[in-house]
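Undergrad: Below you will find the structure I want to go over with you.
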Amino acid sequence: GALKFLFFSDNGYFNKFDEINALSYATESYPPNISNNSLRQWRQKNGFGVNLSQQVMPNVGFFLRGGFNNGRYETVDYTDMNQTMTGGLVFFGELWDRPDDKIGFAGAISGISGSFARYLSLGGIASFVGDGGLSYTQEKNLETFYKWHINDYLEMTADYQLMINPGYNLVRGPINLFGLRLRAEFWH
């Protein structure tokens, strides 16, 4: 098994959601404007993550991942998420005489901070979420995949995801997503 930790800090001129929300209320100007440079200050957005993976029996493994960031400031990279928990199982092809194949199942629950949710409920738009009004709830995702090893140079993965409350919005979804990936390796 393996246990990994991640600590990060984004530094820069960021707006604070509570300040943007307060200005929007004070001026009765909606939606709030996250690109308002008059409120930007040099700030630090810290976060951490943990990843645990473990073989539970031959050819069966599980993983558990979690992450958190302070969520008070605008998103600067990666995704509009302030806390997440993910877990899943992976079965290796030795179990069905296809040693290079894999099948997996996972679930995730993600959320955002209270000040971020208030910003979105006022009609704010973030880097990746926001559609004019928010009925906040956690976003939930279920996923399964099958990776088929075609030969030493080619793999294909079929993927299905069920997203419940996408964009943290109670009135959105569920959504069914289907994916197909083809991976070619030109030298082996």
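Undergrad: Does region 78-91 contain any residue that is exposed (fewer than 15 other Cβ atoms within 10 Å of the Cβ) and under 17 Å from the mean Cα position of the chain (by Cα)?
TA: yes
Undergrad: Another question about this same structure. For residues that are aliphatic (A, V, I, L, M), surrounded by fewer than 16 Cβ atoms within 10 Å (Cβ to Cβ) and modelled with pLDDT of 95 or more, tally how many sit in region 155-171.
TA: Residues in region 155-171 being aliphatic (A, V, I, L, M), surrounded by fewer than 16 Cβ atoms within 10 Å (Cβ to Cβ) and modelled with pLDDT of 95 or more: 3 in total.
Undergrad: Pick from region 87-127 the residues that are small (Gly, Ala, Ser) and in a helix (DSSP H, G or I): which of them is nearest to Phe17 (Cα to Cα)?
TA: Ser115
Undergrad: Now, a different point. Could you say whether any residue in region 117-135 is free of Cβ contacts under 8 Å to residues at least 40 places away in the same chain, open to solvent by 60 Å² or more (accessible area, probe 1.4 Å) and within 17 Å of the chain's Cα centre (by Cα)?
TA: no
Undergrad: While we're on this one: Which residues, counting only those in region 136-175, are over 22 Å from Met85 (Cβ atoms) and either out of contact with any Ser or Thr (no Cβ under 6 Å at 6 or more places or on another chain) or among the polar types (S, T, N, Q) (or both)?
TA: Tyr146, Trp148, His149, Ile150, Asn151, Asp152, Tyr153, Leu154, Glu155, Met156, Thr157, Ala158
Undergrad: From the list Arg72, Arg65, exactly one residue is surrounded by 15 or more Cβ atoms within 10 Å (Cβ to Cβ) and in contact with an Asp or Glu (Cβ under 9 Å, 6 or more places away or on another chain). Which is it?
TA: Exactly one residue qualifies, and that residue is Arg72.
Undergrad: All but one of (1) under 30 Å from Leu122 (Cα atoms); (2) hydroxyl-bearing (Ser, Thr, Tyr); (3) touching a residue at least 24 places away in the same chain (Cβ under 8 Å); (4) open to solvent by less than 90 Å² (accessible area, probe 1.4 Å) hold for Ser53; which doesn't?
TA: (1)
Undergrad: Here is a further query. Residues in region 31-49: is at least one open to solvent by less than 30 Å² (accessible area, probe 1.4 Å), under 30 Å from Glu94 (Cα atoms) and either in contact with a Gly (Cβ under 7 Å, 6 or more places away or on another chain) or touching a residue at least 24 places away in the same chain (Cβ under 8 Å) (or both)?
TA: No: region 31-49 contains no residue that is open to solvent by less than 30 Å² (accessible area, probe 1.4 Å), under 30 Å from Glu94 (Cα atoms) and either in contact with a Gly (Cβ under 7 Å, 6 or more places away or on another chain) or touching a residue at least 24 places away in the same chain (Cβ under 8 Å) (or both).
The values are calculated or read from the model by the stated rules, or taken from the named source; none is laboratory data. Everything numeric here is computed off the predicted structure, so don't read it as measured data. No Cβ is skipped: glycine too gets one built from the backbone with ideal geometry, and neighbour counts run over all protein chains shown. These accessible areas exclude ligands, DNA and RNA; they are computed on the full protein's heavy atoms, side chains included. Shrake-Rupley method; radii C 1.70, N 1.55, O 1.52, S 1.80 Å.
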